[in-house]
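Asks: One structure, pasted below without further comment.
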Amino acid sequence: MFVHPEELNSRRWDCSSSMPSPTAGRAWGGAGGDASAPRPQVGSMMSENTSVSPAGGITPLQQMLASGTGALFTSLFVTPLDVVKIRLQAQRTPFSKGKCFVYCNGLMDHLYVCQNGSSCTAWYKAPTHFTGTLDAFVKITRYEGIRSLWSGLPPTLVMAVPATVIYFTTYDQLRDYLRCRMGRQGPHVPLVAGALARLGAVTVISPLELIRTKMQSRPLSYRELRVCIQSSVAQDGWLSLWRGWGPTVLRDVPFSALYWFNYELVKEWLCRQSRLDEATFMVSFTAGAVSGTVAAVLTLPFDVVKTQRQIELGDMETLRVAASKSSSTWLLLRRIRAESGTRGLFAGFLPRVIKVAPACAIMISTYEFGKTFFQKLNQERQLSSL
């Protein structure tokens, strides 16, 4: 008999005991129970003779493996969209030496630095002329090989995959813990857990992204890199390693809070409409796409500011450009609104939705599938040992 991973995960945080109660199934209208009592929303309770111990749930290591696999699949599917966007952008406005542009692999936004100016032969400088998005896909595949659609991906995965693993694993752990401490069915739990998980992931990765930008801007040995970081810390303090943290948090933390809040609600609603005890792959995929779209639209102004701030910080590192006086997040918001009106804060609406919706859908459905696989594996191992 199958038990949904969320139910097994929640048992690991049982406040009263380390083992599920052998009579747990009776509380839901079993023998001697109240037939009118509310039924669990997902999964079915194990019978008395097949109670699953906490070891039958999803371990943190398995959550990490599931999220890592999901991150790789997401990057493989979404990166070609951004590669084509960058190639079209470079065709309209060629990148100059040291110029920074934002590269997204479906998991994170990274700063990419053009190295060699007009003589650059890198993937974003290829001479092929495109008339549009579809034409770019066809010509890149035909003349440069299909692998070119994933140009620039490997270096960004070094941080994107660990960041995603930290984020998703932390979310699951916090959600299960908060459901125990704050009330299992509280709708605020996914919101709080999502915000805290993203805050932690951004805080851990932010200094590493800054270091990666320094290394990309000019060749540095590890010793030179250490000296560079030490001089930066000596001049501006340890907080200088977290430059750009504020705009990233203002975009990513609300996005994650809204995303997980809506994801759990949409998934639950879809399960009820389809009369399912547990979410299928398509339910997770649809819920991820819908919740990702909603979160992307509501946080779009912060995405506009974050992108401008990220490029500005990249120019500071690569071109030694002094920070402008209006570089703070709130001043940037006011400046954009003054120059372009409210519509300026929602610039890039369609491209962001086209990128975020499939990325969220692929990531969460693959992650949930991986957790279900490990849950079944653990359950089979436990039953075989009885």
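Asks: Determine which single condition GLN115 fails, assuming it passes every other condition in (1) modelled with pLDDT of 75 or more; (2) under 30 Å from PRO247 (Cα atoms); (3) of a type in the set (S, T, N, Q).
Replies: Condition not satisfied by GLN115: (1).
Asks: Just to check your reading of the model, which residue among TYR171, TYR143, TYR167 is among the hydroxyl-bearing types (Ser, Thr, Tyr) and more than 30 Å from LEU241 (Cα to Cα)?
Replies: From the options TYR171, TYR143, TYR167, the qualifying one is TYR143.
Asks: Taking only pairs six or more apart or across chains, which ones have beta-carbon atoms under 7 Å, a first residue in the stretch 246-264 that is farther than 18 Å from GLY106 by Cα and of a type in the set (D, E, K, R), and a second residue that is part of a helix (DSSP H, G or I) and open to solvent by less than 30 Å² (accessible area, probe 1.4 Å)?
Replies: GLU264/PRO190
So that you can scan it fast, the table gives a plain yes or no per residue for (1) within 20 Å of the chain's Cα centre (by Cα); (2) open to solvent by less than 30 Å² (accessible area, probe 1.4 Å); (3) modelled with pLDDT of 75 or more; (4) within 26 Å of ALA357 (Cβ to Cβ):
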{"residue": "SER221", "(1), (2), (3), (4)": "no, no, no, no"}
{"residue": "CYS228", "(1), (2), (3), (4)": "no, yes, no, no"}
{"residue": "ALA234", "(1), (2), (3), (4)": "no, no, yes, no"}
{"residue": "SER240", "(1), (2), (3), (4)": "no, yes, no, no"}
{"residue": "VAL249", "(1), (2), (3), (4)": "yes, yes, yes, yes"}
{"residue": "TRP260", "(1), (2), (3), (4)": "yes, yes, yes, yes"}
{"residue": "GLU268", "(1), (2), (3), (4)": "no, no, yes, yes"}
{"residue": "GLN273", "(1), (2), (3), (4)": "no, no, yes, yes"}
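Asks: Within the stretch 237-248, work out how many residues are touching a Ser or Thr at 6+ places or on another chain (Cβ under 8 Å) and part of a helix (DSSP H, G or I).
Replies: 7
Asks: Now a separate question. Filter the stretch 333-369 down to the residues that are among the aliphatic types (A, V, I, L, M) and closer than 30 Å to GLN62 by Cβ and list them by number. Show your work before the answer.
Replies: So the first thing to find is which residues in the stretch 333-369 are among the aliphatic types (A, V, I, L, M), and the list is 333, 336, 338, 345, 347, 350, 353-354, 356-357, 359, 361-364.
Passing the criteria: VAL356, ALA357, ALA359, ALA361, ILE362, MET363, ILE364.
Asks: Select from the stretch 294-345 the residues that are at pLDDT below 80 and of a type in the set (Ser, Thr, Tyr) and list them in ascending order.
Replies: Scanning the stretch 294-345 gives THR307, THR318, SER324, SER326, SER327, SER328, THR329, SER340, THR342.
Asks: Still on this model: Find all pairs meeting these conditions: Cβ atoms under 6 angstrom apart; at least six residues apart or on different chains; first residue within the stretch 129-153 and assigned to a helix (DSSP H, G or I); second residue open to solvent by less than 50 Å² (accessible area, probe 1.4 Å) and among the polar types (S, T, N, Q).
Replies: Every condition considered, the pairs that remain are LYS139/THR128; ILE140/SER148; TYR143/THR128; TRP150/THR79; LEU153/THR79; LEU153/ASN105.
The values are calculated or read from the model by the stated rules, or taken from the named source; none is laboratory data. Since we're looking at a predicted model, the values are computed, not measured. Backbone-built Cβ (ideal geometry, glycine too); neighbour counts: all protein chains shown. Calculation scope for accessible area: heavy atoms of the full protein, side chains included, ligands and nucleic acids excluded. Shrake-Rupley method; radii C 1.70, N 1.55, O 1.52, S 1.80 Å.
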